[in-house]
Each structure stands twice: as C-alpha cells, then as structure tokens.
Amino acid sequence: MLTPRLIAPHRNTGFERTLAPEEAIALITQGRTQDLQWYIEKGSNPHLAGADSRSHLWEWRFFSAYHDAVVDSNIQPLLDLARATCPTPPTPGERKPKPEQAHRIAASVVTGAVFLTATERLAEAEALLEAAGEDLFPIDQAWALMHRAIVMSEQGDLDTSRRLAAEAQRTVALDLDDVTAAAIGASAADFLFRTSGLEAKDLGATRTAVDTAASWWRSQTVAWALEDHEEKAFRAWGKCEDPGTWPSDEAQNRLLSAWLSASLAGTRGPAAAALAQHARHEVIQHEASWRNDAAAELSVQDRQPGQVPAGPHARGLEDALDELRRYGCTKTLQTAVQRLWAAGPASPVQAAVRRSVTAP
C-alpha cells in the first residue's frame, strides 16, 4: 500500500491473468481502477468480480472496503472491517495474534485512520488506532505509531505527537533496507523536522532520510500526471476550446494516487502537495464548466445571473476548496477564493467557510 509499484502488475503483461487480492489493492492505490474492470471483463477473476463484505478471504473483504473508500468515498465498510479485525481485550495466557492477523490489523486500522483524519474525524481516528493494540510486528507498530502522531498533532498535542514519531523512527531504524520501513522512517524524520524549532532542525540529515524509493516513485507519478494534464490542456487550446473544459481523468487519478500513498505512509507534506495540485485542476475545470453551463442556461431561458442554479460543478468547487483548507494549502486557497468571489460562483466559497467554522 505504501509502495504499490512493487505489487501492481504492469499493463504490458495484459489483463488475462488471475489477480491476487494484494495486486488488486495495489492497483487501487495506483489509481488504476479502470484496469480492474478490464481484468474482470477478461473472465479470469471471479473473486475480483465478486469481492464484497461476505467474501471468504479477508484480503478480498479488505479490497472491497478499500475500493468503496477510495472510489465511492464511502468509508463505513472500511471502518466496520477494521473494528471487526481489531483484537479483543486479551485474557491471561492468550497467544499474540498470528502474523497474518497482525498485518491485517495494521492495514485496516491505519487505512481507516487515514480516511477519518482526511475528513477531520480525529477522535474516531485516535480511538481506532489505539484499538490496534501493542502486539503488532515492528514495522506495523511503527506504521500505527506514525499515524497516531499525525492525529495527535492535528488535535494540538505536539509533545505527544513528537514522542510517538520519534518512537516510530527508532522502531524501524534497523530495517531501512525494507522499502516500507524506509518510507515510514522517512515520514517520521520529516514530521520531526517540520515540528521542531529552528535551532533543532537538521536539514542535511532530514533530506537524506526522506530520499527513499517510495518518494522517488511518488515524484514520478506526479510528473506523469502533470505531463498528461499539460498535454490535454494544449490539445484543448489547439481546438480553440477552454483548456479547463478538457479534464484529464488519468492525471487526476495519478495525483490522487500520490496523495493516497503519501497519506498512508504518513508523509503529510508530499500528500498536501499532491492534493493541492489535484484541487487546482478541479477548481479550474469546475469553474470553466460552471461558466459554460451558466451561459447556456441564460441564453436559452433568459434568466438573470443571480437565478442560475448551483449544480454539480458548484458542489465540485466546494469540495476542492474544502480539500485545500483541510491540508493547509493557504496560498492556493486564497487565489481560488479571490477568483470565485470576484467572477463566480460565490456559493462554494460561502459553503467552504461554513464547513471550516463547523470543523473540529
């Protein structure tokens, strides 16, 4: 999940083979949900096609819940699975969880916490992470500790969050030849750097720590996304059309993939950067589409500007503005708000303000 490139099958291998659930999960993290449909259409993946909350294998149940969270923004199945997977209070002499059970606990709990944190349900995220217990394997334990650190920092408890991040960093210090452990260690190092005072910052050591395979692959994903977006915009310009009305689904999926993999690793800076780029594209596309729809309605129905209905594009703008607010992308948010307040639609700005006032 942190390094899906190692697991997800390459497109050049075709779509006839039978996928393991781990491969299907990696495809979701990479933003390649269309590929899943192609695998299903080839007829070799009945478990993939029928995956749901009743699947016999836990990994297929997790795939189904993860798909709902990422694709449909429905995180409840994921939370239900995580809570059902968490250990019950131990009895004297009870054995620790089996290896596969420990990995399942970590995967479901951390993934659920990521989506809860993204939607500002911080108390629930904290409770879910604590329910994972202390009997995880070192890398899984560090993963959970890192996300507990993020939740505590979002709640304003900086001392506790730094202690948890430092503990996560120490836990994986001897396993940095593992790409997953290296990604978690990099997240901890970056977190401690960003939350330390100027006198304690060690830029050189931090840059070394965050230079990992996971960060290279995320950077490449973002670069591919921006290249695809620029190509679509240029083609729209060449046809004398508004570039904002030619959205690139491939680019947006890749940017969401970069956000998701960074968020799962606990790397807030790169996650915010990828999400900000995604939100910029969303704002431009929804604003251009809203403007075209408004012009068409006014010309056909002779309505007044104040009578133009909001519609789905205004709601899309609201969601994009809220994403920028949640991840602290203040400069991008300021630019977008100034434009929308001056040229319309203004309703998404008002709705985003209401959301920020009612947020925890």
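Other residues with beta-carbon under 11 Å from the beta-carbon of residue 53 carry, at +1 per Lys or Arg and -1 per Asp or Glu, a net charge of -1. The Kirkwood hydrodynamic radius of the range 1-62, based on inverse pair distances between different Cα atoms, is 11.7 Å. In sequence order, the range 222-235 has phi-based couplings of 5, 4, 4, 4, 5, 5, 5, 5, 5, 5, 5, 5, 5, 5 Hz under the Karplus curve 6.51 cos²θ - 1.76 cosθ + 1.60, θ = phi - 60°, and Gly or Pro positions carry x. Dividing the summed helix terms, -39500 (n - 2.57) for each DSSP H run of n ≥ 4, by the number of residues in the chain produces a 222 nm estimate of -22500 deg cm²/dmol to the nearest 500. Mean separation of Cα pairs under 8 Å and 6 or more residues apart, divided by the residue count, gives the chain a relative contact order of 11 percent.
For the pair residue 72 and residue 167, the difference between a 0.36 nm per residue extended length and the Cα-Cα distance amounts to 30.7 nm.
Taking the longest Cα principal axis of the chain as reference, the axis of helix 138-154 is set at about 50 degrees. At q = 0.09, 0.11 Å⁻¹ the log10 of I(q)/I(0) for the chain amounts to -0.56, -0.82, computed by Debye summation with a single uniform scatterer per C-alpha, solvent ignored. Considering only 11, 163, 280, the mean-square fluctuation computed in a Gaussian network model of the chain, springs between alpha carbons under 10 angstrom, is largest for 11. Remark: the range 164-180, residue by residue, has Karplus-estimated 3J(HN,Hα) of 5, 5, 5, 5, 4, 5, 5, 5, 9, 4, 9, 10, 6, 6, 8, 5, 5 Hz, where x stands for each Gly or Pro and the curve is 6.51 cos²θ - 1.76 cosθ + 1.60 at θ = phi - 60°.
Simple rule: put +1 on each Lys or Arg Cβ and -1 on each Asp or Glu Cβ in the chain, find the dipole, and look at 321, 122, 176; the Cα lying farthest toward the positive end is 321.
In this structure residue 349 has an accessible area near 10 Å², from a 1.4 Å probe over the protein heavy atoms.
For the range 1-158, the convex hull spanned by the alpha carbon atoms encloses 122 Å³ per residue. The loop-placed GluC sites (Glu not before Pro) in the range 1-43, going by DSSP, that have at most 14 neighbouring Cβ atoms within 10 Å of their Cβ come out as 16.
In the chain, the portion of solvent-accessible area held by carbon and sulfur atoms comes to 53 percent [1.4 Å probe, whole percent, DNA, RNA and ligands not counted]. Largest mean-square fluctuation among 130, 167, 241, in a Gaussian network model of the chain whose springs join Cα atoms under 10 Å apart, belongs to 241.
The values are calculated or read from the model by the stated rules, or taken from the named source; none is laboratory data. Because the structure is a prediction, the values reported are computed rather than measured. FYI the Cβ positions are ideal-geometry reconstructions off the backbone, even for glycines, and counts take in every protein chain you see. SASA here: full protein model, heavy atoms, side chains in, ligands and nucleic acids out. Shrake-Rupley method; radii C 1.70, N 1.55, O 1.52, S 1.80 Å.
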